[in-house]
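Worksheet: one structure, shown below.
The values are calculated or read from the model by the stated rules, or taken from the named source; none is laboratory data. What you are looking at is a predicted structure, and each value in this text was computed from that prediction instead of being measured. Don't worry about glycine lacking a Cβ; one is built from the backbone with ideal geometry, like all the others, and counts go over all protein chains shown.
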């Protein structure tokens, strides 16, 4: 309950088992996030194609009224090395540019579990320790949040036929103040033909072979974050309505998400096109968070000419809708 977190920061508490032979097993983490960081992490998780990524045991959005007394209970397969394993608590801080190790505390030196007869040693992947973990870390107090328990998913270990995916990127024009699709506006007919070539063949089979259709709307980093967030969400949602009405796509197949400001896409474009100001712009992006003046520093970079060039050549490519059919 002493944890206090800034709005754009998160603290991650990961219980770990460490065997005498350096076997290591990380258990699902408890994440305590500020409101902005929580929203960004949930969006990132929704967009991730990684089906095997570890789901946190618990996410808490920091709030003065939320208790952070947690009962942590989990069942895992037993392996003989766990009998005298140490129980550790790894503590990390997360902001825009990755995780920083804060501390690794020993909660129990020897679990002293009763031996289980007839249980063979189960293979556990050995994890290379971070070099930082050998250094005595600093102790930092984080903050609170609203509680949401993730859904647990049982994954079969049997072989599953590999699914194929097809995707298309769409660049629609919109009337001022509108978020729905206008087929005859500017170049929209060309973009609709692209989605038609992808969806129409599936429509003829009544989408029998389709597992999911993921729709993600992106906005470029220029402008107010809140406005960009609303735009990206609304345009994704209205496009999903368009797909359902035009092609009869079942609602249950469609997954809708959005990215308010596609900084990752901007980094990719800078790396690919290599403009003269690339390295300077990348330094600004890596040094400053979205809510810590990143766009302002980009606008001031080299008198503002790099930002104007990005407005003309890069930002329009980031305003898009991506459709992935699996």
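Look at residue 14 and say whether it is part of a strand (DSSP E or B), at pLDDT 75 or above and farther than 24 Å from residue 225 by Cβ.
In short, yes.
Determine which member of the set 300, 295, 264 is at pLDDT 90 or above, in contact with a helix residue (DSSP H, G or I) (Cβ under 9 Å, 6 or more places away or on another chain), loosely packed, with under 14 Cβ neighbours inside 10 Å and within 26 Å of residue 9 (Cα to Cα).
Exactly one residue qualifies, and that residue is 300.
Given the conditions (1) surrounded by fewer than 19 Cβ atoms within 10 Å (Cβ to Cβ); (2) farther than 30 Å from residue 303 by Cβ, report the number of the one that residue 225 does not fulfil.
(2)
Scan 199, 195, 213 and give me the residue that is at pLDDT 90 or above, farther than 27 Å from residue 39 by Cα and touching a helix residue (DSSP H, G or I) at 6+ places or on another chain (Cβ under 7 Å).
199
For the stretch 164-179, what are the residues that are in contact (Cβ under 8 Å) with a residue 24 or more places away in the chain and either part of a loop (DSSP other than H, G, I, E, B) or over 16 Å from residue 325 (Cα atoms) (or both)?
164, 165, 171, 172, 174, 179
Being surrounded by 20 or more Cβ atoms within 10 Å (Cβ to Cβ) and over 29 Å from residue 207 (Cβ atoms) narrows it down to one residue among 232, 281; which is it?
None of the other options fit; the residue is 281.
Scanning the stretch 239-254 for residues that are touching a strand residue (DSSP E or B) at 6+ places or on another chain (Cβ under 9 Å) and surrounded by 16 or more Cβ atoms within 10 Å (Cβ to Cβ), which turns out nearest to residue 176 (Cα to Cα)?
By that ranking, first place goes to 239.
Of 286, 220, 257, which residue is out of contact with any helix residue (DSSP H, G or I) (no Cβ under 8 Å at 6 or more places or on another chain) and either surrounded by 14 or more Cβ atoms within 10 Å (Cβ to Cβ) or in a helix (DSSP H, G or I) (or both)?
286
What number of residues within the stretch 199-217 are outside any loop (DSSP other than H, G, I, E, B) and free of Cβ contacts under 8 Å to residues at least 60 places away in the same chain?
Counting residues in the stretch 199-217 that are outside any loop (DSSP other than H, G, I, E, B) and free of Cβ contacts under 8 Å to residues at least 60 places away in the same chain gives 4.
All but one of (1) at pLDDT 90 or above; (2) within 21 Å of the chain's Cα centre (by Cα) hold for residue 249; which doesn't?
Exception for residue 249: condition (2).
Need a quick list: strands (runs of 3 or more DSSP E) entirely within the stretch 20-107 having at least 2 residues that are modelled with pLDDT of 80 or more, under 27 Å from residue 217 (Cα atoms) and touching a helix residue (DSSP H, G or I) at 6+ places or on another chain (Cβ under 8 Å).
Fully inside the stretch 20-107 and qualifying: 30-33, 58-61.
Name the single residue, out of those in the stretch 260-272 being assigned to a helix (DSSP H, G or I) and touching a residue at least 12 places away in the same chain (Cβ under 8 Å), that is farthest from residue 326 (Cα to Cα).
Residue satisfying both the conditions and the ranking: 270.
Considering only the stretch 180-198, I want to know if a residue exists there that is under 20 Å from residue 251 (Cα atoms) and assigned to a loop (DSSP other than H, G, I, E, B).
Yes, because at least one residue in the stretch 180-198 is under 20 Å from residue 251 (Cα atoms) and assigned to a loop (DSSP other than H, G, I, E, B).
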